[in-house]
Amino acid sequence: MENITIGGRLEAKNLTKTYHLDSGDREVLRGLNLTLEPDTLTALMGPTGCGKSVLINLLAGYEPLTNGEICLDGQPIHGPDKDRLVVFQETALFPWLTTYENVAYGPKIRGELKGADLTNSVMELLRHVGLDSFRDKYPAQLSGGMQRRAELARAMINQPKVTLLDEPFRGLDAMTRDLMRDHYLTLFEKRRGTHLFVTAEIDEGLLLADQLVIVTNRPARVKKILPVNLPRPRSEEIRSTPEYLTLKAEALELSHEEAMKSFKAGSLSSADFVGAYAALN
């Protein structure tokens, strides 16, 4: 597979999002600014309930802004488009389609690929995620990890300028999560594009990203952006290097501060706080 440069520059400028509820207004984002450079991978972290999924929906164009602007390659976005694609926490595979048919669905329905070109593109991606021998299986016949791999392949074949991943490996066991991370990194390094990856785990963010963005408690804004200047490809051994440990210590301190604020404000339950603190460590 050739290296392909397809990423766009995504800019979120002074984003504010307020929901008008019967119980009163709820401001989720306030003056959030974030730039995703072309062909980079950004990991996003913040307290549970701070608005990370809301940000993903806004960047995808699924929800209107209360204030601010989102631009892709300098042009304001207005609603969803194929240049921005979301990989959600839960699988969104079509249960009536096989693995092959799910991955082929986007370019086939748009008429962008057909015949041998479509087959070759789909099978190449399935090989990269270890699912080529499962091409004729339906989602119900695949494990959770396999379904997530099929989701990644289905996203990548569409070659979006921006891929938004909302904790796509959440709920997987540790071994499957490590395997998914390896498959995902392989696809990213081959296909590139601009990626925003929401995660609750510092180690995952540092192993994946070119930059780690820490957002505050609700209403969310960017607290700090940490450049992750670690060489690629990254293996588990990098976690013992001084550079990695220094980055992790700073990220842990920043994340812990915001988790404590969220807990004291009552937006984070005791159970969620314990779970979040365990993930950070």
Fill in: Qualifying positions in region 145-204 - of a type in the set (Val, Ile, Thr), in a helix (DSSP H, G or I) and within 21 Å of LEU10 (Cβ to Cβ)
ILE157
Practice prompt. Could you please find all residues in region 93-106 being part of a helix (DSSP H, G or I) and buried (at least 19 other Cβ atoms within 10 Å of the Cβ)?
Written response: THR99, TYR100, ASN102, VAL103, ALA104
Fill in: region 47-99, residues that are over 30 Å from GLN141 (Cα atoms) and charged (D, E, K, R)
LYS52, GLU63, GLU69, ASP73, ASP81, ASP83
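Filter region 51-95 for residues that are more than 17 Å from GLY8 (Cα to Cα) and more than 16 Å from the chain's Cα centre (by Cα) and give the result.
Applying the first criterion (more than 17 Å from GLY8 (Cα to Cα)) to region 51-95 yields 51-55, 57, 62-68, 87-95.
Result: GLU63, PRO64, LEU65, THR66, ASN67, GLY68, LEU93, PHE94, PRO95.
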Worksheet item: In region 107-144, what residues are in contact with a Leu (Cβ under 7 Å, 6 or more places away or on another chain), assigned to a loop (DSSP other than H, G, I, E, B) and within 14 Å of HIS183 (Cβ to Cβ)?
Response: VAL129
Practice prompt. Please work out which residue is modelled with the highest pLDDT, limiting yourself to region 1-40 and to residues that are among the aliphatic types (A, V, I, L, M) and part of a loop (DSSP other than H, G, I, E, B).
Written response: ILE6
Practice prompt. Identify the single condition in (1) under 30 Å from LYS17 (Cα atoms); (2) at pLDDT 90 or above; (3) part of a helix (DSSP H, G or I) that ALA276 does not satisfy, given that it satisfies every other one.
Written response: (2)
Worksheet, complete the sentence: Checked region 161-194 for anything under 19 Å from GLN211 (Cα atoms), without any contact (Cβ under 8 Å) to a residue 60 or more places away in the chain and of a type in the set (S, T, N, Q); matches are THR186
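The values are calculated or read from the model by the stated rules, or taken from the named source; none is laboratory data. Only a predicted model underlies this, so the values are computations on that prediction, with no experimental measurement involved. In this analysis, Cβ positions are derived from the backbone assuming ideal geometry, glycine residues included, and neighbour counts consider all displayed protein chains.
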